[in-house]
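K.L.:
I am attaching a structure below and will ask some questions about it afterwards.
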Amino acid sequence: MGEDREEGGRLMPDTPSFPRVRFAPSPTGYLHVGGARTALFNWLFARHFGGTFILRIEDTDFERSSEAMVEGILEGMRWIGLDWDEGPFFQSQRLPLYQATAQKLIDSGYAYYCFCTKDELEARRAQGTAAMYDRRCRALDPPESKQRRLDGQAAAVRFAVPDGSTSWNDAVFGRVEFANAELEDFVLLRSDGIPTYHLSVVADDIQMRLTHIIRGADHISNTPKQVLQYRALQAELPVFAHVPLILGPDKTRLSKRHGATSVIAYKDMGIVPEAFRNFLALLGWSPGSAHRDREIFSSGDLIQLFTLDGISKSNAVFDNDKLAWFNTEYIRAYASEKLLPLIETEWKAAQFTPTRSREELLAAIDLLKPRARSLKDFATLFRAYFRDDFEYDPAAVTKFLADPELPAWLQELATRYAAAPEFTEASAEEILRVFAAEKNIKAGALINGSRVALTGQAVAPSLFAVMAALGKDRVIERLSAVAKVPATG
RNA sequence: GGCGCCAUGGUGUAACUGGUUAACACGCCGCCCUCUCAAGGCGGAGAGUUCGGGUUCGAUCCCCGAUGGCGCUGCCA
């Protein structure tokens, strides 16, 4: 790792200099897709540069925050494989820091008490005269304000936005500037002493010595308010990197309207965590032209490749089809030993208990994984490989078991297998083809019919591989029982 | 409404930051393979880079404007 080469100690975006970053969700909901991606980017950035990734829970909105949500967020992060080095810190436990920071701002003249009540403000807004706070309390004499406070009057603390303009050099958007006239004298501390987001982020980001703030682009408009506080507090500015938002297929901001929005919902859909992480990483970020023809990146690849300048400026649409593709790629590439625990989790959730040995399970998984689109398939489509009670798909029966002569043939075929000295993938095929030739029927008809009789499905791996996986006894048993398959009309 | 940001096929992204037949992946279509379905192989349709001006010998890339989308506009975060 190199030295910090920038003058003033400022860390520029890709300076390899032990950056400190954070993910700061507010526990008013589960970990959603956008938050997960922000967390992922921060994590990748920290890991890439050997920095520190901090988790901070922004729970100053007591009304809407809950402990269950905190647990949900942690669960989501663990699921996609994100670990943190410090925290979780809870803002609700750091109130004194914010109050002290507010006091500092008041003492230095950058903030003032505001005695307007919420109702008064609302009324003024309703009149339509003042879209922004009219700063009336800013005109109050400091000694007078102090006295009113001492007398027990409730007051919020507002930041006194100066004239001029505020700008910063965003690591992804470049220079961004706001006229201060567009900013209102925002509240730092509510009248009950609880800080607002504007104060608590800045106080914490400074106290935690963060060097880079990587967060959603929805915070761009908040940034000037924060920059102003850094200046007032004489703190060094971190590098801001705003990440574009994730949109739904209709190009509006992703929300429950679009279906699953919680990360855990994707777990429940049978998505493999690495597939989800890979997909997410490529939403709004690209490793650049050197890797333009690659899409599959392991966690290690991503860490090695991730830098801020690969982040794009435009919003990205969440594409379920592409996620599904990543999922099949990962499931197919996984060793069955690695897949088994994930599938077992799925089985547990589906209250499905396999009745096979571990070896048989692994063999079946190896056979089936190229055709799986989701972990769910192992409890549904592929049930017949793991248990002996399974349903016959009516469509499959109609398609391949409709011939009235077929059941008798399959039963006879079963007796051939029973009489055969050995039962292997090759011998099973040999026997079936000889049988078909003898009876002068198409091998394909026998094969397709057998497939349905053995698995209940029209879709499966090569039949003889299936037979080998199922074993001689089960093959004979299921072929013999073909007459019991419910016919369809 | 005000302010800010963004704009490459349906989707995600590339394009040595002015010179390419605008590339890759997903999706879609077709063919091959074949015992089904996937996978795989091969091929195809689909953008002239939102639109209009400018700068330039030359603009996806620079400038201006328009349009559209998104964000913010709370004693929410």
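What follows is calculated from the coordinates using simple rules that are stated; it is not laboratory data. What you see is a predicted model, and the numbers here were worked out from it, not measured in a lab. Neighbour counts are summed over all protein chains in view; Cβ atoms, including those assigned to glycine, are modelled from backbone coordinates with ideal geometry.
K.L.:
Do the alpha carbons of any pairs in A:LYS256/A:LYS338; A:LYS267/A:LYS322; A:LYS256/A:LYS348; A:LYS399/A:LYS484; A:LYS322/A:LYS369 sit beyond 22 Å of each other, and which pairs?
P.N.:
A:LYS256/A:LYS338; A:LYS256/A:LYS348
K.L.:
Check the straight Cα-Cα distances from A:LYS313 and name the aspartates and glutamates below 18 Å, setting aside those fewer than 8 residues away within the same chain.
P.N.:
The qualifying aspartates and glutamates are A:ASP14, A:ASP170, A:GLU177, A:ASP218.
K.L.:
Still on this structure: Give me a comma-separated list of calculated 3J(HN,Hα) values for segment A:110-121, in order, Karplus coefficients 6.51, -1.76, 1.60 applied at θ = phi - 60°, integers in Hz, x for any Gly or Pro.
P.N.:
Result, ordered by residue: 8, 9, 8, 7, 10, 9, 5, 8, 4, 4, 4, 4 Hz.
K.L.:
When the helices in chain A are scored as -39500 (n - 2.57) per DSSP H run of 4 or longer and the sum is shared across all residues, what 222 nm value do you end up with, to the nearest 500 deg cm²/dmol?
P.N.:
So the calculated ellipticity at 222 nm is -13000 deg cm²/dmol.
K.L.:
Name the cysteines of chain A that stand alone by the Cβ rule: no other cysteine Cβ under 4.7 angstrom.
P.N.:
A:CYS116, each lacking another Cys Cβ under 4.7 Å.
K.L.:
So what is the relative contact order of chain A, in percent, for Cα pairs below 8 Å that sit 6 or more residues apart?
P.N.:
The value is 13 percent.
K.L.:
Mind ordering A:400-413, A:216-229 by average Cβ neighbours within 10 Å, highest first?
P.N.:
Answer by packing, highest mean first, reads A:216-229, A:400-413.
K.L.:
Same structure again: Determine the distance separating the Cα centre of segment A:416-489 from the Cα centre of segment A:308-338; give it in Å without decimals.
P.N.:
Measuring centre to centre over Cα atoms gives 38 Å.
K.L.:
Round to the nearest 0.05 the FRET efficiency obtained for A:ALA68 and A:LYS484 when R0 = 56 Å and r is the Cβ-Cβ distance.
P.N.:
The calculated FRET efficiency here is 0.70.
K.L.:
What is the fewest-to-most order of A:ARG158, A:ARG94 by other Cβ atoms lying within 10 Å of their Cβ?
P.N.:
Lowest count first: A:ARG94, A:ARG158.
K.L.:
Tell me, what ³J(HN,Hα) does each residue in segment A:449-454 have, in order and in whole Hz, if you take phi through Karplus 6.51 cos²θ - 1.76 cosθ + 1.60 with θ = phi - 60° and put x for Gly and Pro?
P.N.:
The phi angles translate into x, 4, 4, 5, 5, 7 Hz.
K.L.:
Also, I was wondering about something else. Taking the Cβ of A:TYR113 as the centre, find all other residues whose Cβ is under 13 Å away and add up their charges (Lys, Arg: +1; Asp, Glu: -1).
P.N.:
Residues near A:TYR113 contribute +3 overall.
K.L.:
With +1 on each Lys and Arg Cβ and -1 on each Asp and Glu Cβ, how big is the dipole of chain A about its Cα centre, in debye rounded to the nearest 20?
P.N.:
Here chain A has a charge dipole of around 500 debye.
K.L.:
Could you please state, rounded to a whole Å, how far the C-alpha centre of segment A:90-163 is from the C-alpha centre of segment A:31-67?
P.N.:
30
K.L.:
Using a Förster radius of 56 Å, what is the FRET efficiency between A:ASP83 and A:ASP141 based on their Cβ-Cβ separation? Nearest 0.05, please.
P.N.:
According to the calculation, E is roughly 0.60.
K.L.:
Another question, then. Please list, ordered by chain and number, the residues whose modelled amide H lies under 5 Å from the amide H of A:HIS212; skip anything fewer than 5 residues away on the same chain.
P.N.:
Amide H to amide H, under 5 Å and 5 or more residues apart or across chains, A:HIS212 pairs with A:ARG20, A:VAL239.
K.L.:
Which of the trypsin sites (Lys or Arg not before Pro) found in segment A:273-313 are in a DSSP loop and have at most 12 neighbouring Cβ atoms, other than their own, within 10 Å?
P.N.:
Passing both the DSSP loop test and the Cβ count: A:ARG292, A:ARG294.
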